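Trainee: Here it is, the structure in full.
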Amino acid sequence: QVQLVESGGGLVQAGGPLRLSCAASGSIFAINVMGWYRLAPGKQRELVATITKGGSTNYADSVKGRFTISRDNAKNTVYLQMNSLKPEDTAVYYCAADGYGMRYWGKGTLVTASS
């Protein structure tokens, strides 16, 4: 089993920054890809960014150049630095980890970018 706990969400003015953290625990040695997804009201959950254990990254077009995903393997933690936030970034952000043929999810953290 893998447990994921997100932190760092909150209310921020549009244009401002916010950093999310996701701490992984449990049977994590087989986890390769970790990432962030988000679910906005009235929309489907979408990928925001992913990162492999080796540091390869992938971003949604809507966040490229504004968001940066990073990972500290020693701390089993993945981060999402969000800059230049827009009202349309408002969503519940979920941490995810792939391993053992499954995708594990955190409970989510709410990010609200006010205009």
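The values are calculated or read from the model by the stated rules, or taken from the named source; none is laboratory data. As the structure is a computational prediction, the values presented were derived from the model and not from experiment. Using ideal geometry, Cβ is built from the backbone for each residue, glycine included, and neighbour counts are taken over all protein chains shown. Side chains included, ligands, DNA and RNA excluded: accessible areas come from the protein's heavy atoms. Shrake-Rupley method; radii C 1.70, N 1.55, O 1.52, S 1.80 Å.
Trainee: For segment 14-98, what does the accessible surface come to per residue with a 1.4 Å probe? Please give it in Å².
Mentor: Roughly 48 Å² per residue, with all protein chains present.
Trainee: Give me the dipole magnitude in Debye, nearest 20, for the chain about the Cα centre, with unit charges on the beta carbon: positive for Lys and Arg, negative for Asp and Glu.
Mentor: Approximately 40 debye in magnitude.
Trainee: On the accessible surface of the chain, probed at 1.4 Å, how many percent belong to carbon and sulfur atoms?
Mentor: Roughly 51 percent of what the probe reaches on the chain is carbon or sulfur.
Trainee: Can you run phi through the Karplus equation (6.51, -1.76, 1.60; θ = phi - 60°) for segment 100-115 and list ³J(HN,Hα) in whole Hz, with x for Gly and Pro?
Mentor: My calculation for segment 100-115 gives 6, x, 10, 10, 9, 10, x, 7, x, 9, 7, 10, 10, 9, 8, 8 Hz in order.
Trainee: Starting at the first residue of segment 33-43, write each ³J(HN,Hα) from the Karplus equation 6.51 cos²θ - 1.76 cosθ + 1.60 with θ = phi - 60°, in whole Hz, x for Gly and Pro.
Mentor: 8, 10, x, 10, 10, 9, 10, 9, x, x, 10
Trainee: Calculate, in whole percent, how much of the Cα-Cα pair population of segment 1-110 lies beyond 20 Å.
Mentor: The proportion of pairs with Cα distances above 20 Å equals 33 percent.
Trainee: Here is a further query. By the gyration tensor of its Cα atoms, with a ≥ b ≥ c the square roots of the eigenvalues, what is the shape of segment 36-88: rounded for a/c under 1.5, prolate for a/b over b/c, or oblate?
Mentor: Cα axes put segment 36-88 in the prolate bin.
Trainee: Same structure, new question: Calculate, axis by axis, the spread of Cα positions in segment 60-105 along the three principal axes, and write the results as whole Å, longest axis first.
Mentor: Between the extreme Cα coordinates on each principal axis of segment 60-105 lie 35, 22, 17 Å.
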